[in-house]
Amino acid sequence: MARVQLAGVTKKFGAVTAVNEITLEIPDKQFTVLVGPSGCGKTTALRLIAGLEEATAGDIFIGERRVNDVPPKDRDIAMVFQNYALYPHMTVYDNMAFGLRLRKYPKTEIDRRVKEAAEMLGIEKLLDRKPKQLSGGQRQRVALGRAIVREPQVFLMDEPLSNLDAKLRVQTRAEIKKLHARLQTTTIYVTHDQVEAMTMGDRIVVMKDGLVQQVDTPLNLYDRPANLFVAGFIGSPAMNFIDSALADAGGKLLIDAGSFRLEVPPDLVSQARPWAGRRVVFGVRPEDIADRAMANGAQPAWTIKATVDVHEPLGSDSILYLTAGAHSIVARVDARTQARMGDSVEVIFNMRKMHLFNPETQQAIM
């Protein structure tokens, strides 16, 4: 096992900077997820660690060893690709054993490792089949097995679940987490799916335009996003952002959105007061907005009127797309709501979970 460290790592493709001076430390045994939209540089960062791309600048360490000039085969890593990358003419057994044979492991050791990994992944009955005889989920298990038998210092996984259907993706991500808990191997996992990142990562690295936006635990990313991008990327549906002013009204602070006003809770006033009289971006997550008709003890100072544009029942809850003046708002409310398209409703904001952002720098104020 080993930690992975990137120190000022940059990768340029001509005039395009894919990775921009990333400094990041991934501790030994941790499951770290790199997440961001397409083109943010997450896969390039993974390929730099693997040695499949050469860094333009900066240093990469696996354990205590600088590996910039070490070929991929000597970095003691194992990679799981998005497209499985299985040899179609080989059996499952031979696919899993291939890397060990190249490294001249004894037959008995190869057999032990392959069978142990197959049992761990529940594919011991598939060892004689070829990839074309397997489902997508089974192929992904074989790809994982091929990595496991290497017993590397670091696992690198590049969107390994993107080719699976929704149900199988949920099942397989749970299996990967259980596998990590059992093997305790440092794992770096790349995905564009923030739900995948939140459910799998011990720590998440959010990237945009080749830059690291925030590195934190899933709950801290959700509760305390560093900027507008992270706040909007983490969470589904995305956080609502409303251009507002922070108004001082007789000692009270109000979020003034033009068509409605919301009072800042007394325990948050001290944090927000330096921005009194200035423009801010007010943020609130859909799950922190409730249908007032379903809420007990609703605060009038946190309630607004809105029109329902779309009602999406999900069974466990409902999504309401609302219009309040010039603002579009998304709310995740109790499934028993009676609100329907075209209705005028009152919704209540949980202002204790409000967020404020600087509209110029896009950094979080609170």
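The values are calculated or read from the model by the stated rules, or taken from the named source; none is laboratory data. Just so it is clear, the model here is predicted, and its values are computed rather than measured. Quick reminder, even Gly has a Cβ in these numbers, built from the backbone with ideal geometry, and neighbours come from all protein chains shown. Accessible surface is based on the protein model in full, side chains and every heavy atom, while ligands, DNA and RNA are left aside. Shrake-Rupley method; radii C 1.70, N 1.55, O 1.52, S 1.80 Å.
Considering amide H positions built from the backbone, and no H for Pro or chain starts, which residues 5 or more places from Val280, or on another chain, come under 5 Å of its amide H?
HN-HN under 5 Å from Val280: Ser244, Ala245, Leu246.
In whole Hz and in residue order, list the ³J(HN,Hα) couplings for the range 216-232 that follow from phi through the Karplus curve 6.51 cos²θ - 1.76 cosθ + 1.60, θ = phi - 60°; x for Gly and Pro.
6, 6, x, 5, 5, 4, 6, 7, 9, x, 7, 7, 4, 5, 5, 4, x
In nm, what is the difference between 0.36 nm times the number of residues separating Ala276 and Ala293 and their Cα-Cα distance?
This chain segment gains 2.9 nm when fully extended.
Along Cα→Cβ, 7 Å out, is where each label goes; now give me the distance between the ones at Asp334 and Glu119 in nm to one decimal.
It is 5.2 nm.
Taking springs between alpha-carbon atoms closer than 10 angstrom, which of Leu156, Leu356, Leu183 fluctuates most in the Gaussian network model of the chain?
Between Leu156, Leu356, Leu183, it is Leu183 that shows the largest mean-square fluctuation.
Sketch the reach of a paramagnetic label on Val16 as a point 7 Å from Cα along Cα-to-Cβ, and name the residues of the range 183-218 whose backbone nitrogen lies under 19 Å away.
Counting backbone N atoms under 19 Å from the label point, the list is 191-192, 207-212.
Given a Förster radius of 41 Å and the C-beta distance between Arg65 and Glu312 as r, what FRET efficiency does 1/(1 + (r/R0)^6) yield to the nearest 0.05?
Working: r = 52 Å, r/R0 = 1.26.
Efficiency, from the Cβ-Cβ distance: 0.20.
Specify the residue with the greatest mean-square fluctuation among Asp223, Asp202, Asp267, computed from a Gaussian network of the chain linking alpha-carbon atoms under 10 Å apart.
Asp267
I want to make sure I understand the PRE zone here: with the label point 7 angstrom from the Cα of Arg224 toward its beta carbon, which residues in the range 32-46 have backbone N atoms less than 20 Å away?
33
Between Lys177 and Glu346, what FRET efficiency comes out of the Förster formula 1/(1 + (r/R0)^6) with R0 = 35 Å and r the beta carbon distance, rounded to 0.05?
0.25
Residues with amide H under 5 Å of Ala2's amide H, sequence separation 5 or more or different chain, H placed in the peptide plane at 1.01 Å from N; which?
Lys29, Thr186
Among Val347, Val170, Val19, which one shows the highest mean-square fluctuation when the chain is modelled as a Gaussian network with alpha-carbon springs under 10 Å?
Among Val347, Val170, Val19, the largest mean-square fluctuation in the Gaussian network model of the chain belongs to Val170.
Could you give the angle, 0 to 90 degrees to the nearest 10, between helix 107-121's Cα long axis and the longest principal axis of the Cα atoms of the chain?
Between the helix axis and the principal axis of the chain, the angle is about 20 degrees.
Which of the lysines could be linked to Lys208 by a straight reach, that is with a Cα gap under 18 Å, when you skip same-chain ones fewer than 8 residues away?
The qualifying lysines are Lys11, Lys12, Lys42.
With the full set of protein chains in place, find how many percent of the accessible area of the chain is carbon and sulfur; take the probe as 1.4 Å.
Carbon and sulfur together cover 49 percent of it.
What's the center-to-center distance, using Cα atoms, between the range 164-183 and the range 63-110 in Å?
The range 164-183 and the range 63-110 have Cα centres separated by 21 Å.
Using 0.36 nm per residue, how much length does the chain from Asn83 to Ser259 gain when fully extended, once their Cα-Cα distance is taken away? Numbers along the way, then the final one.
Details: separation 176, 0.36 × 176 = 63.36 nm, distance 5.01 nm.
Full extension of this stretch gives 58.3 nm more.
Taking θ as phi - 60°, what are the ³J(HN,Hα) couplings along the range 136-149 by the Karplus curve (6.51, -1.76, 1.60), each to the nearest whole Hz, with x for Gly and Pro?
Going residue by residue, I get x, x, 5, 4, 5, 5, 5, 4, 5, x, 4, 6, 5, 5 Hz, with x marking Gly and Pro.
Within the range 57-96, find all residues whose amide N lies under 12 Å from a label point positioned 7 Å from the Cα of Leu168 along Cα-to-beta-carbon.
What the label zone holds, given the 12 Å backbone N cut-off, is 84.
Would you calculate, for the chain, the mean residue ellipticity at 222 nm contributed by helices, counting each DSSP H stretch of 4 or more residues as -39,500 (n - 2.57) and dividing by all residues, to the nearest 500?
On the way: 9 runs with 89 residues, N = 366.
Helix-only estimate at 222 nm: -7000 deg cm²/dmol.
When averaged across all projection directions, what area in nm² does the alpha-carbon convex hull of the chain cover? Before the final figure, lay out the partial values.
Details: hull surface 88.7 nm².
If you wrap the Cα atoms of the chain in a convex hull and average its projections, you get 22.2 nm².
FRET efficiency for Ala7 and Gln363, Cβ-Cβ distance as r, R0 = 41 Å, nearest 0.05?
Details: r = 25 Å, r/R0 = 0.60.
So, using R0 = 41 Å, E works out to roughly 0.95.
Compute the whole-percent fraction of alpha carbon pairs in the range 101-248 spaced more than 21 Å apart.
Above the 21 Å cut-off, the range 101-248 has 55 percent of its Cα pairs.
Just subtract the alpha-carbon distance of Thr23 and Asp209 from 0.36 nm times their residue separation and send over the number in nm, one decimal. Working shown, then result.
Details: separation 186, 0.36 × 186 = 66.96 nm, distance 1.49 nm.
Gain in length upon complete extension: 65.5 nm.
Where does the range 206-341 land on Rg(C-alpha)/(2.2 N^0.38 Å)? Please list the in-between numbers first.
Numbers: Rg = 16.1 Å, N = 136, 2.2 N^0.38 = 14.2 Å.
Output field value: 1.13.
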